[in-house]
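Student: My questions will all concern the structure given below.
The values are calculated or read from the model by the stated rules, or taken from the named source; none is laboratory data. Predicted model, so just to flag it, every value in this text is computed and none were measured. Cβ sites come from the backbone with ideal geometry, for glycine too, and all protein chains shown count toward neighbours. All accessible areas refer to the heavy atoms of the entire protein, side chains included, with ligands and DNA or RNA removed. Shrake-Rupley method; radii C 1.70, N 1.55, O 1.52, S 1.80 Å.
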Amino acid sequence: MVARVLSGAVLGIEGYLVEVEVNLAPGVPNFSIVGLPDAAVKESSDRVMAAIRNTNLDLPVKRITVNLAPANIKKEGSAFDLPIALGICAANHVLRKDDLGDYMILGELSLDGRVKPIKGALSIAVEAEARGLAGLLLPVENAAEAAVVEGLNVYPVSNLPQAVSFLNGESMIEPLPTKTGQDFFRDARYEIDFTDVKGQHHVKRALEIAAAGGHNIILIGPPGSGKSMLAKRLPTILPSLSLEEAIQTTKIHSVLGLLDNGGGLIPTRVFRSPHHTISDAGLIGGGTVPMPGEVSLAHNGVLFLDELPEFKRNALEVLRQPIEDGKVSIARASGSITYPTDFMLVAAMNPCPCGYRTDPKRECTCTPPMIKKYVSKISGPLLDRINIHIEVPSVEYKELSSEAGGEPSYKIRQRVEQTRQVQLGRFKDSLTFFNAGMNTKQLKQFCRLDDASKQIMALAIDKMGLSARAHDRILKVARTIADLDGANSLTAEHVAEAIQYRSLDREGVV
């Protein structure tokens, strides 16, 4: 007797359909699983048999063969436990349906028959809806996540007998009400705000420009000046997530099992801050089975690299492709998987190894060769992809003790969103979305300089020692400053302010 159950799995961050075929045959009792199962899938035979016995369902004393199709893709994880158990019940006539093709079914089984949460539920729910299935049976903890998908009935299941009873029509499970994006975004809020930051007005201005134009930024200052505090608040002034962005961000976290059980969409911009000892695979993604790294977990959010020169050189160099392309491809013998990496890079560093080179109250103990070696850990090609360099001085006690709060994040975010709308209108006929992504042709079209601006630019390059590669970055930042001011064309003031944000290109500074 053969029974067929539909299930699903995740390849990259996208779901795909898996047919679970169960065959019962006479002979010496045996349980085998074919179709490229990994160790966790192979071990499901013990979990499934124990769950069926311990829930007083009839376990057939026969040769049980389970096929997971398509057989040419490696199957991973424990989500096939529930569909395998239901397939056995169907083949043994405990379930009155031989073909459970109306539902996609997933879930890990405990030995007592309880259904435990899985990874990648949102991606699989999207696939189930695309195939027009009647519904999705999955663990209670994953139901809210899957219920984001409109047009799909999501049935939360807590144990194996409940699933059998529902599929036999003996009991009802109410489908979880579909939650629209607005339901999640209504309560979206950040626990931190720019009002918490004392002083540092010019750094806040630089972060607002970075957020408005999508520019990567590096903060340079002594220890304790507030670099990390400022960076953590950058997501609070970025434009609010769209529903499409929230779904894509949630998919990545779901695949790695990083969502809170019972939660739905991630409603706010993510902030990822990996330690400087992170490996290449941890940062970019990889492993024997390619999984997303920190650059993908920061998709649609902020990737913060504190103590930038302390990161391993090769780890920093592999950042160049994800920053440039907005995606990363991980190739293995079994194939290639692409993950999205559209993030804002925020880096922080000390001006020298001891950290006090620019601090007027602390003496620097570093020699020029030490400083040069420290700064040279950041390669030119990586630095070339960071448009704004801003120095963060220590905060004076007068500012620290002030009771007055700074401008709240929501007001800054309003200006950022208005500026982003201007840029969307400007680039509506291209694949560019904000000023940081402008190509050479767009720079010539939208960043024309008047005579006064040209003189300032020439002075900056010839007299102040700015590098030639800084020219285009200055124009992009100046265009964003002009957009924030509501100006159609660039002026000398816009260019002059943009030049200030190139600290690492100036002679004698860091």
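Student: Would you mind getting me the FRET efficiency between Asp112 and Lys74? Use the beta-carbon distance for r and R0 = 41 Å, nearest 0.05.
Tutor: That gives a FRET efficiency of 0.90.
Student: How much mean residue ellipticity at 222 nm does the chain get from its helices, if each DSSP H run of length 4 or more adds -39500 (n - 2.57) and you divide by all residues, to the nearest 500 deg cm²/dmol?
Tutor: It comes out at -10000 deg cm²/dmol, rounded to the nearest 500.
Student: Taking θ as phi - 60°, what are the ³J(HN,Hα) couplings along the range 149-164 by the Karplus curve (6.51, -1.76, 1.60), each to the nearest whole Hz, with x for Gly and Pro?
Tutor: Those phi angles translate into 6, 6, x, 10, 7, 10, 10, x, 10, 9, 7, 5, x, 5, 5, 5 Hz.
Student: Computed on alpha carbon atoms, what radius of gyration and Dmax characterise the range 291-364, expressed in Å?
Tutor: Rg, Dmax (Cα atoms, Å): 16.3, 58.
Student: How high is the relative contact order of the range 155-312, in percent, counting Cα pairs under 8 Å that sit 6 or more residues apart?
Tutor: Reported as a whole number, the value is 19 percent.
Student: With a 1.4 Å probe and every protein chain kept in, tell me what percent of the accessible surface of the range 85-219 is carbon plus sulfur. List each step's numbers first, then the result.
Tutor: On the way: 2450 of 5240 Å².
Accessible surface attributable to carbon and sulfur in the range 85-219 totals 47 percent.
Student: Based on the alpha-carbon gyration tensor of the range 105-250, what equivalent-ellipsoid semi-axes (square roots of 5 times the eigenvalues) come out, in whole Å, largest first? Don't skip to the answer; put the middle values down first.
Tutor: Numbers: eigenvalues 397, 55, 30 Å².
Square roots of five times the eigenvalues give 45, 17, 12 Å.
Student: Which entries of Lys42/Lys62; Lys116/Lys179; Lys251/Lys312; Lys204/Lys312; Lys227/Lys373; Lys97/Lys179 have Cα-Cα distances beyond 27 Å here?
Tutor: From the list (Lys42/Lys62; Lys116/Lys179; Lys251/Lys312; Lys204/Lys312; Lys227/Lys373; Lys97/Lys179), the Cα-Cα distance tops 27 Å for Lys251/Lys312; Lys204/Lys312; Lys97/Lys179.
Student: Another question about this same structure. Distance in nm between label sites at Lys411 and Ser32, each 7 Å beyond Cα in the beta-carbon direction?
Tutor: Modelled inter-label distance: 7.2 nm.
Student: The range 58-181: percent of C-alpha pairs farther apart than 20 Å?
Tutor: 42
Student: Here's a follow-up. Using Cβ-Cβ distances only, list the Cys residues of the chain with no partner cysteine under 4.7 Å, sorted by number.
Tutor: So far as the 4.7 Å Cβ criterion goes, Cys89, Cys354, Cys364, Cys447 stand without a partner in the chain.
Student: Give the accessible surface of the chain per residue, rounded to a whole number of Å², with probe radius 1.4 Å and ligands, DNA and RNA excluded. List each step's numbers first, then the result.
Tutor: Values: 22530 Å² over 510 residues.
Ligands and nucleic acids excluded, the result is 44 Å² per residue.
Student: Subtracting the Cα-Cα distance from 0.36 nm times the residue separation, let me have the gained length for Asp325 to Met1 in nm, one decimal. Could you put the intermediate results ahead of the total?
Tutor: Details: separation 324, 0.36 × 324 = 116.64 nm, distance 5.12 nm.
Full-extension gain reported as 111.5 nm.
Student: Enumerate by residue number the GluC sites (Glu not before Pro) in the range 353-411 meeting two conditions: DSSP loop (anything except H, G, I, E, B), and at most 15 other Cβ atoms within 10 Å of the site's Cβ.
Tutor: Within the range 353-411, the qualifying GluC sites (Glu not before Pro) (loop, at most 15 other Cβ atoms within 10 Å) are Glu363, Glu396, Glu403.
Student: Decide, for the range 344-441, between rounded, prolate and oblate: order the square roots of the alpha carbon gyration tensor eigenvalues as a ≥ b ≥ c, take rounded if a/c falls under 1.5, and otherwise choose prolate if a/b is larger than b/c, else oblate.
Tutor: oblate
Student: For the range 184-251, what is the charge dipole size about the Cα centre, in debye to the nearest 20, if Lys and Arg each add +1 at the Cβ and Asp and Glu each add -1 at the Cβ?
Tutor: 220
Student: Checking the a/c ratio against 1.5 first, then a/b against b/c, what shape does the Cα gyration tensor give for the range 22-126? Don't skip to the answer; put the middle values down first.
Tutor: Numbers: a/c = 1.43, a/b = 1.29, b/c = 1.11.
Because its axes are fairly even, with a/c under 1.5, the range 22-126 counts as rounded.
Student: Quick one: net charge around Thr480, please, counting Lys, Arg +1 and Asp, Glu -1 for every other residue with C-beta under 12 Å from its C-beta.
Tutor: +3
Student: Another question, if that's okay. Report the relative contact order of the chain, percent, no decimals, based on alpha-carbon pairs under 8 angstrom and at least 6 residues apart.
Tutor: That works out to 13 percent.
Student: Once the other residues with Cβ under 13 Å from the Cβ of Pro117 are scored (Lys, Arg +1; Asp, Glu -1), what is the net sum?
Tutor: -2
Student: Projected area of the range 185-330, taken from the Cα convex hull and averaged over every viewing direction, in nm²?
Tutor: 9.8
Student: In the range 271-409, what percent of the accessible surface is made up of carbon and sulfur (1.4 Å probe, ligands and nucleic acids excluded)?
Tutor: 52
Student: Follow-up question, since we're still on this one. What is the range 349-388 by shape, rounded, prolate or oblate, if you read a ≥ b ≥ c off the alpha carbon gyration tensor as root eigenvalues and call it rounded for a/c under 1.5, prolate for a/b larger than b/c, and oblate otherwise?
Tutor: Values: a/c = 3.98, a/b = 1.77, b/c = 2.25.
It comes out oblate by the Cα gyration axes.
Student: How much net charge surrounds Met104 when only the other residues with a Cβ under 10 Å from the Cβ of Met104 are counted, with Lys and Arg +1 and Asp and Glu -1?
Tutor: My count for the surroundings of Met104 gives -2.
Student: Are there trypsin sites (Lys or Arg not before Pro) in the range 267-361 that DSSP puts in a loop and that have at most 12 other Cβ atoms within 10 Å, and which ones?
Tutor: When the trypsin sites (Lys or Arg not before Pro) of the range 267-361 are filtered for loop state and at most 12 Cβ neighbours within 10 Å, Lys361 remain.
Student: About its Cα centre, what dipole magnitude does the chain give when the only charges are +1 on Lys and Arg Cβ and -1 on Asp and Glu Cβ, stated in debye to the nearest 20?
Tutor: The dipole magnitude comes to about 1220 debye.
Student: On a 0 to 90 degree scale, rounded to 10, what angle separates helix 243-255 from the longest Cα axis of the chain?
Tutor: Between the helix axis and the principal axis of the chain, the angle is about 60 degrees.
Student: List the residues whose amide H sits under 5 Å from the amide H of Phe343, counting only those 5 or more places along or on another chain, with H placed 1.01 Å from N in the peptide plane.
Tutor: Asn300
Student: Restricting to Cα pairs below 8 Å that are 6+ residues apart, what does the relative contact order work out to for the range 86-242? Please round to a whole percent. If you can, show how the numbers build up before the last one.
Tutor: On the way: 181 pairs, mean separation 25.1, N = 157.
Relative contact order of the range 86-242: 16 percent.
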